[in-house]
Amino acid sequence: MKRKSYNMSCLLTAWFCIFISLAQAQNPKGTYGTFALTNALIQTVTKGTITNGTVLISNGKIVAVGVDVTVPSGARIIDCKGLSVYPGFIDGGTRIGLTEVGSDPRTQDFNEIGEIVPQMKALTAVNPNATAIPVTRISGVTTALAAPDGGLLPGTAALVNLHGYTPDQMYAGFEGVVINFPNTGRRGFFDRRTDDEIKKASEKALKQLNDAWEKAVQYAKLDSASQGKGVTYYPEMQALLPVVRGQIPFLIEVNASKDILAALKWVKERNVKKVVLTGVAEGWRVADEIAKANLPVIAGPVIALPSREYDRYDKGYANPGLLKKAGVKVALKTEDQNTNYRNLPYHAGFAAAYGLGKEEALRSVTIVPAEIFGVAGKLGSIEVGKSATLFVTDGDPFETKTQVKQVFIDGWQIPLVSRQTLLYEEFLKREPGISKN
């Protein structure tokens with residue numbers, strides 16, 4: 001009986017996944033071509049605001065921006081009178097494309113076996129047909145960091161645009177190795193370990209991290225001496241080579257103030273060339289030290305409870321603003337343990353209201369993450385020559401009442417359709433509807 005029940009459960013799960021895939025496959029495809037977004041309020045982010053302007057899109061690029069743009073014949077004109085154009089928002093930390101059904105481990109690909117597995121690349125695991133992708137992009141979030149999680153060095157995160165049939169088509173030009181820095185505190189209310197057990201676990205994790213880094217440094221020396229030849233292939237160390245050489249950064253997830261200070265010390269003592277701090281829930285407590293270290297931060301989630309019971313209710317909301325005030329370069333991310341990445345604009349809105357300010361909040365989800373990820377030459381602002389990755393709204397995107405009217409990713413006009421909009425339409429127009437009997 002148990003065997004039959006298990007098989008039935010597997011069968012139902014399989015049918016559910018097939019249903020989701022079919023539903024996604026039925027979504028209309030994007031349109032590629034030459035588009036003119038006219039009569040718009042253009043929020044360029046880096047070059048001010050343009051009133052009653054035009055954004056001309058062709059061959060996937062922004063080819064003209066301004067008030068005196070000549071629209072070529074054959075261009076598809078989209079009248080944006082009363083509407084605003086924004087660069088696509090960038091979420092600095094998600095599991096998008098790496099998880100689908102929370103109760104089915106076969107649809108979760110963000111957590112590999114092992115503590116030291118930096119060679120596990122999120123880019124190879126991203127599912128372009130993930131349900132969360134259409135839901136997220138029609139909220140104006142067009143690009144996101146897909147990050148692995150779990151072990152000490154759980155893998156290599158990748159920045160992806162939320163459109164494409166393959167991971168390579170989605171790749172937005174950035175990768176970074178994730179470190180879950182050893183935590184000296186409790187994981188939550190459910191953590192029943194003694195103080196001594198927590199201390200021993202943290203010391204063990206730090207030793208593992210130190211050993212891995214020392215091996216990586218030695219491996220890099222051997223690789224350089226042999227000019228890449230004759231060194232035994234060691235996938236974990238091979239994945240850390242670009243970090244040792246300063247080609248890609250460590251993305252260090254760390255939250256408690258004590259652990260942040262320990263991470264800053266660790267980075268300095270080992271002369272790690274490129275580092276981005278992520279999470280940083282208690283960054284406001286040690287903001288001056290982070291600023292002195294001159295390390296950028298991807299803070300979030302913003303809409304979160306305080307990390308300590310005696311802190312003010314709004315410390316999570318105020319954290320980005322306090323970091324910025326201290327001189328830290330701040331981008332934002334959503335909660336990476338669920339699929340509400342579509343809420344990135346509201347995380348930015350809370351940060352804006354609690355000290356970051358509207359202008360800096362907009363920068364924190366556009367040009368700042370683009371700069372941190374090294375892709376500011378093509379994303380993060382509306383400028384000639386950049387990727388036509390942008391969206392059009394009828395108001396402030398940080399406000400819940402605002403509707404997104406158009407989305408473009410790499411010049412593709414994206415249909416504003418997702419599983420949620422399909423469900424909305426399904427139940428809005430119910431047939432036969434509610435019985436009157």
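The values are calculated or read from the model by the stated rules, or taken from the named source; none is laboratory data. In this text the structure is predicted, and so the values were computed from the model without any measurement. Using ideal geometry, Cβ is built from the backbone for each residue, glycine included, and neighbour counts are taken over all protein chains shown. When the accessible area is computed, the model is the full protein with side chains, heavy atoms only, and any ligands, DNA or RNA have been set aside. Shrake-Rupley method; radii C 1.70, N 1.55, O 1.52, S 1.80 Å.
Tabulated results
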quantity: Exposed-site-free run, longest, the chain (rule: GluC sites (Glu not before Pro); DSSP loop; at most 13 other C-beta within 10 Å); calculated: 1-308
quantity: Most to least accessible of Leu422, Leu222, Leu159 (protein chains only, probe 1.4 Å); calculated: Leu222, Leu422, Leu159
quantity: The range 151-224: chymotrypsin sites (Phe, Trp or Tyr not before Pro) falling in loop per DSSP and having at most 15 other Cβ within 10 Å; calculated: Tyr165, Phe189, Phe190
quantity: Zone residues, the range 291-321, relative to Ala353, backbone N less than 16 Å from point 7 Å out along Cα-to-Cβ; calculated: 302-306, 313-321
quantity: Carbon + sulfur, % of accessible area of the chain - ligands and nucleic acids excluded, 1.4 Å; calculated: 52 percent
quantity: Per-residue ³J(HN,Hα) for the range 172-177, Karplus 6.51 cos²θ - 1.76 cosθ + 1.60, θ = phi - 60°, Hz, x for Gly and Pro; calculated: 9, x, 9, 9, x, 7
quantity: Beta bridge orientation in the chain: antiparallel %, DSSP, nearest 5; calculated: 55 percent
quantity: Filter on Lys229/Lys273; Lys121/Lys258; Lys215/Lys333; Lys204/Lys325 - keep pairs with C-alpha separation over 28 Å; calculated: Lys121/Lys258; Lys215/Lys333; Lys204/Lys325
quantity: Accessible surface, per residue, of the range 25-139 when the full set of protein chains is kept, probe 1.4 Å, Å²; calculated: 45 Å²
quantity: Stretchable slack from Val217 to Tyr233, in nm (0.36 nm times residue separation minus alpha-carbon distance); calculated: 4.3 nm
quantity: Trypsin sites (Lys or Arg not before Pro) restricted to the range 312-418 and DSSP loop, no more than 12 other C-beta within 10 Å; calculated: Arg312, Lys401
quantity: Accessible area of Trp266 in the full protein assembly, 1.4 Å probe (Å², nearest 10); calculated: 10 Å²
quantity: Percent of beta bridges antiparallel (DSSP, the range 111-238, rounded to nearest 5); calculated: 80 percent
quantity: Using a Förster distance of 22 Å, the FRET efficiency for Val417-Asn39 (Cβ separation, nearest 0.05); calculated: 0.30
quantity: Prolate/oblate/rounded call for the range 120-217, Cα gyration tensor, a/c under 1.5 rounded; calculated: oblate
quantity: Solvent exposure, largest accessible area first (probe 1.4 Å, DNA, RNA and ligands not counted), of Thr156, Thr51; calculated: Thr51, Thr156
quantity: Trypsin sites (Lys or Arg not before Pro) restricted to DSSP loop in the range 253-291 with at most 12 other C-beta within 10 Å; calculated: none
quantity: Label assignment, percent of Cα pairs over 38 Å apart derived from the structure, set [x] 37; [y] 21; [z] 27; calculated: [z]
quantity: Residues of the range 157-180 with amide N under 13 Å of a point placed 7 Å along Cα→Cβ from Glu203; calculated: none
quantity: Estimated 222 nm signal from helices in the chain, with DSSP H stretches of n ≥ 4 weighted -39500 (n - 2.57), rounded to 500; calculated: -9500 deg cm²/dmol
quantity: Zone residues, the range 25-57, relative to Ser73, backbone N less than 14 Å from point 7 Å out along Cα-to-Cβ; calculated: none
